[in-house]
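These notes are about the structure you will find just below.
The values are calculated or read from the model by the stated rules, or taken from the named source; none is laboratory data. The model shown is predicted, which means the values in this text are computed figures rather than measured ones. Glycine gets a Cβ as well: all are built from the backbone with ideal geometry, and neighbour counts include every protein chain shown.
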Amino acid sequence: MVSESEVKAKTDSQLLAIWANQNDYIAAMVTLVKTEIDRRNLDTSVIQVPTVDEIKKVSKASSNLRLARVLGFIQGAMGLIVAGTALLSSEVPSGVLSNTVLAEGLLLIVIAVGAWRGKQWAFTSGVIVYTLFTAFEIVNTIGKGLGMLRIVRPFFVRPGDSAATLLGDSAIIGVSLCLALMFNSLRKRGRKQQ
């Protein structure tokens, strides 16, 4: 605990700095500082002391920005992987499919830049892209499963597909659904702050 004599020993600028950041100090310290400021007749009218609500708002915005940056980083890495796959992989046939995969990778990178900067349009785009991707993967996985069981014509099934492939597809569905939910959370938080 700080004593009254220690507060009296502080310089004017130290007292005003404590007053400006009083939310960082315990109430007893702020009371002693206020008494000393009044005794010295220091002008505190130019010092705007943030309220607890303002501090919470800034902290929440900072937390949202950190989440947006993490999401932007993940998104950018995925975009680079997809675009790199389109450019370098021999598995993706050239032509329309290769260009589509490259466009998808570039779209992910653009969304990543927007998410990194905390832009509302990027969060909305992320929700749309990952919701559509999740829906496509669900249909694809169900089609593969039904094709493997020979319930429907195996349109979706490639040679070598197995239960492990379905498990991998399920993991992709889970990841893309989580990303859609994270983008949606950031989108909602961004609207509340506006």
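Of note:
Condition check ((1) modelled with pLDDT of 85 or more; (2) closer than 24 Å to GLN75 by Cα; (3) of a type in the set (Val, Ile, Thr)) across all residues:
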position: LYS144; (1), (2), (3): no, no, no
position: MET148; (1), (2), (3): no, no, no
position: VAL152; (1), (2), (3): no, no, yes
position: PHE156; (1), (2), (3): no, no, no
position: PRO159; (1), (2), (3): no, no, no
position: SER162; (1), (2), (3): no, no, no
position: VAL175; (1), (2), (3): yes, yes, yes
position: ALA180; (1), (2), (3): yes, yes, no
position: ASN184; (1), (2), (3): yes, yes, no
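- Number of positions in region 87-112 that are more than 24 Å from LEU67 (Cβ to Cβ) and modelled with pLDDT of 75 or more: 7
- For beta carbons closer than 7 Å, sequence separation of 6+ or different chains, a first residue in region 130-142 that is assigned by TED's automatic domain parsing to the domain that holds ALA112 and closer than 9 Å to ALA180 by Cα and a second that is surrounded by 15 or more Cβ atoms within 10 Å (Cβ to Cβ) and polar (S, T, N, Q), the qualifying pairs are TYR130/SER176; THR134/SER176.
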